[in-house]
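Enquirer: The structure under discussion is supplied below as C-alpha cells; questions concerning it will follow.
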Amino acid sequence: MREWFSGECAARGLDLTEDRMGNQWAWWGDPDSSAPAGIVTGSHLDSVPDGGAFDGPLGVVSALLAIDRLKSDGFAPLRPIGVVNFVDEEGARFGVSCAGSRMITGVLSPDRARALQDADGITMAEAMRAAGWRPERLGPDPEALSRVGSFIELHIEQGRGLIDSGRAVGVGNAIWPHGRWRIDIPGEANHAGTTRLSDRRDAVIGCARAVLAARAAAETHGGLATIGKINIQPGGVNAIASSATAWLDARAADEPALRAIVAHIEKDVANSGAVVTEESWTPQTGFDSVLISRMASLIDGAPVMGTGAGHDAGILANAGVPAAMIFVRNPTGVSHSPSEWAEPEDCLAGVAALAAVLADLAGVQR
C-alpha cells in the first residue's frame, strides 16, 4: 500500500517525504516556503483483521481525487496542500491505535513503541527492521507538524447518523474519549482430562469473567466496552490455560463515564488475580470550532456530528493542530467488517466537499 501511495503521488507530480515514524506526506507546493503552513488531508491505509475496504483508504483516495479535481479546474493553491498516509492507525498488531500520529506528536514515546509486542512476541522494533525501517529514528517530529496549518480527514461514517439524516456527507466536530487496556489473567497449566474441577486454576475462566464484566460495566455507566482480542496460553485443546491476555477497548461520551467503566471492570476481575494495564488513552476531543463552521457553510446541508471512533485527526487536534473531519455515508452502518460500504455517488460527493474545503482553506487563484 505504501508503494501504491508513492506511485499515485508521483503520477500527480507531488513531492513525497517521510517523517520520523514513516508516515508518508505528499505535497502540492513547497511546505517549507515562507508562506503560511499547509492544508493537509488524508487518512490511513492499514486495517483491522478482516476489515472493510473504506475505513482509512477512502480518505486517502478522496484526497488524491480532490487534488485531481482542483487541478482540472485550473486552480493553483496559494498555500501548499498535503496528502498524508498515517501508519498503523488501527493498532491491530501492536495494540496502540494511531501509533503514527501519536509518535510524531510526542504522545507515544520511542522506547515504548520499540518495545511493543505482537501476539507472537515480535517487537515493533524487530518488525520495523524486517521492513527495512530504522527504529532508532523514531521520535517526535516537530518539523513535520510545523508544516500542517490545518488538517481535514475524510472518513467513512462508522455508524448510522448520515443514514438517519438522509445526507451523503457530514462534518465531524468531536471524538469521544477512548482507550485500550491489556488484561493479564494468571492460571496454572494442567491436563484437561485428569485435573479435577476443584483443583483447577483456569485462566480462561478469569478471561470469561473479564468479558462479562466489560459488558456489565458498559451497560451500567452508559458507554461502550469491547474485548475483541484474546491470547490463550499454551493454547492446546486438551490443556488448561496457564495464562490469558485480553485487550479491552472502552469508550464513552465523557471521561468520567469512561473511567468508571474501567474501574468497574478492574474491580470485577481482581478476584482472578488479573492485572489491568492502560496501553493507550485519547481524551475527549473537540475539533476547531472556526474550521467546523467554515466547513459546514461550504458543504450545504451537511449535519455536524460527533463520533465514538478514534482517528488521527483527533491526535493532531489534541496536539494543537486545527482539525476537523468529513464523513461519508455508509448505508450498512457497519464498519471494521467486509460489510462496510459507500455508494459511488456518495464517495464522489465526499470528494467534491473535500475539494471545496481545500480550495477555500488554501486560497486559490486562476
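The values are calculated or read from the model by the stated rules, or taken from the named source; none is laboratory data. Computed from a predicted model, the values in this text were never measured in an experiment. Note: ideal-geometry Cβ built from the backbone for every residue, glycine included; neighbour counts use all protein chains shown.
Enquirer: Name the single residue that is surrounded by the fewest Cβ atoms within 10 Å (Cβ to Cβ) among those in segment 160-219 being without any contact (Cβ under 8 Å) to a residue 60 or more places away in the chain and basic (K, R).
Expert: Across segment 160-219, the extreme among qualifying residues is R196.
Enquirer: Return the total of residues in segment 14-60 being assigned to a loop (DSSP other than H, G, I, E, B), charged (D, E, K, R) and more than 21 Å from V351 (Cβ to Cβ).
Expert: Count: 6.
Enquirer: Here is a further query. Filter segment 32-48 down to residues that are over 15 Å from V357 (Cα atoms) and over 14 Å from the mean Cα position of the chain (by Cα), then give me how many there are.
Expert: Final tally of qualifying residues: 6.
Enquirer: For the subset of segment 81-94 comprising residues that are in contact with a helix residue (DSSP H, G or I) (Cβ under 8 Å, 6 or more places away or on another chain) and not in a strand (DSSP E or B), which member is farthest from M1 (Cα to Cα)?
Expert: F94
Enquirer: Turning to a different aspect of this structure: If you check S97 against the conditions, is it part of a loop (DSSP other than H, G, I, E, B), among the polar types (S, T, N, Q) and in contact with a strand residue (DSSP E or B) (Cβ under 9 Å, 6 or more places away or on another chain)?
Expert: Taking the combined requirement at face value, the residue satisfies it.
Enquirer: How many residues are touching a residue at least 60 places away in the same chain (Cβ under 8 Å) and small (G, A, S) if we restrict to segment 100-132?
Expert: Qualifying residue count for the region: 4.
Enquirer: Moving on. What are the residues in segment 68-99 that are without any contact (Cβ under 8 Å) to a residue 60 or more places away in the chain and aliphatic (A, V, I, L, M), if any?
Expert: Selection gives A92 alone.
Enquirer: Does S33 satisfy being in the same structural domain as L358 (by TED's automatic domain parsing), hydroxyl-bearing (S, T, Y), surrounded by fewer than 17 Cβ atoms within 10 Å (Cβ to Cβ) and free of Cβ contacts under 8 Å to residues at least 40 places away in the same chain?
Expert: no
Enquirer: With (1) more than 14 Å from H178 (Cα to Cα); (2) of a type outside the set (G, A, S); (3) touching a residue at least 12 places away in the same chain (Cβ under 8 Å); (4) not assigned by TED's automatic domain parsing to the domain that holds A359 as the list, and M325 as the residue in question, which single condition is left unmet?
Expert: Every listed condition holds for M325 apart from (4).
Enquirer: Could you pull out the residue among A11, A66, A35 that is among the small types (G, A, S) and touching a Leu at 6+ places or on another chain (Cβ under 6 Å)?
Expert: Among A11, A66, A35, only A66 is among the small types (G, A, S) and touching a Leu at 6+ places or on another chain (Cβ under 6 Å).
Yes/no matrix, rows are residues, columns are (1) among the polar types (S, T, N, Q); (2) touching a residue at least 24 places away in the same chain (Cβ under 8 Å); (3) under 19 Å from H178 (Cα atoms); (4) out of contact with any Phe, Trp or Tyr (no Cβ under 6 Å at 6 or more places or on another chain):
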| position | (1), (2), (3), (4) |
| --- | --- |
| V262 | no, yes, yes, yes |
| I265 | no, yes, yes, yes |
| V269 | no, yes, no, yes |
| V275 | no, yes, no, yes |
| S280 | yes, yes, yes, yes |
| F287 | no, yes, yes, yes |
| V290 | no, yes, no, yes |
| L298 | no, yes, no, yes |
| A302 | no, yes, no, yes |
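Enquirer: Return the residues of segment 267-305 that are of a type outside the set (S, T, N, Q), farther than 25 Å from A359 by Cβ and buried (at least 17 other Cβ atoms within 10 Å of the Cβ); say none if nothing qualifies.
Expert: Correct list: D268, V269, A274, V276, E279.
Enquirer: Follow-up question, since we're still on this one. Is it true that some residue in segment 332-351 is under 17 Å from F151 (Cα atoms) and modelled with pLDDT of 95 or more?
Expert: Yes, the conditions are met somewhere in segment 332-351.
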